[in-house]
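Engineer: After the C-alpha cells below, expect a handful of questions from me.
The values are calculated or read from the model by the stated rules, or taken from the named source; none is laboratory data. No experiment lies behind these values; they were computed from the predicted model shown. Glycine also receives a Cβ, built like all others from the backbone with ideal geometry; neighbour counts cover every protein chain displayed. Accessible surface is based on the protein model in full, side chains and every heavy atom, while ligands, DNA and RNA are left aside. Shrake-Rupley method; radii C 1.70, N 1.55, O 1.52, S 1.80 Å.
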Amino acid sequence: MSPLVQRPRAAAASDQHWSMLVFESLSAGAIAIGLGMLCVLIAVGVYVVLIWPLTFLDFASVGKEEFDVWAQIVLWSVFIGGSLAGFWCFSGAAFKKKPKRAVLYPPRKRR
C-alpha cells in the first residue's frame, strides 16, 4: 500500500487491556513480597553474624504458632499494598496531575 493511504488511528497509545493492567499490578505485589523477604533475610544475616555469636541467643523456645496469624496479615498487607501501588503507577494515575513548571525567565519580545 502507498504511504499516502489514510489509515484509522488507534484510540490512544496509553490504553491497556484490563488483563495486562491486573497482571502488572499483581506482579508489583509479588515484587513487594520479594523485597520484604530480602529485607528479612538481610536482618537475619546481620543477626547471625553479629548478635548470635556474642550472646548465643537463638530463640529456640519461640514457636511459630504464636506469630502465624500476624505473619499472614503482614504478608497479605504487603502484597495488597504493592498491588495497589503498582495499579496506581501502571494505570497512569500517578502521572496525571503534574504541577506546572515555574518559568524562570520571562519570554523575550521579538523586535
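Engineer: Could you please let me know if Val78 is part of a helix (DSSP H, G or I), at pLDDT below 95 and surrounded by 10 or more Cβ atoms within 10 Å (Cβ to Cβ)? Step through it out loud before you land on a result.
Structural biologist: On the way: part of a helix (DSSP H, G or I): yes; at pLDDT below 95: no; surrounded by 10 or more Cβ atoms within 10 Å (Cβ to Cβ): yes.
Considered against the rule, which asks whether it is part of a helix (DSSP H, G or I), at pLDDT below 95 and surrounded by 10 or more Cβ atoms within 10 Å (Cβ to Cβ), Val78 comes out as no.
Engineer: Could you list, in sequence order, all residues of segment 26-63 that are within 25 Å of the chain's Cα centre (by Cα), among the β-branched types (Val, Ile, Thr) and surrounded by 11 or more Cβ atoms within 10 Å (Cβ to Cβ)? Give the steps one after another, and end with the answer.
Structural biologist: To start, the set of residues in segment 26-63 that are within 25 Å of the chain's Cα centre (by Cα) comprises 26-45.
Within this subset, residues satisfying the condition of being among the β-branched types (Val, Ile, Thr) are 31, 33, 40, 42, 44.
Once the filter is applied, which keeps residues that are within 25 Å of the chain's Cα centre (by Cα), among the β-branched types (Val, Ile, Thr) and surrounded by 11 or more Cβ atoms within 10 Å (Cβ to Cβ), segment 26-63 yields Ile31, Ile33, Val44.
Engineer: What pairs come out if I take residues in segment 95-111 that are open to solvent by 100 Å² or more (accessible area, probe 1.4 Å) and pair them with residues that are of a type outside the set (Gly, Ala, Ser) and modelled with pLDDT under 70 whose C-beta lies under 6 Å away, six or more apart or interchain?
Structural biologist: Taking only residues 6 or more apart or on different chains, not a single pair turns up.
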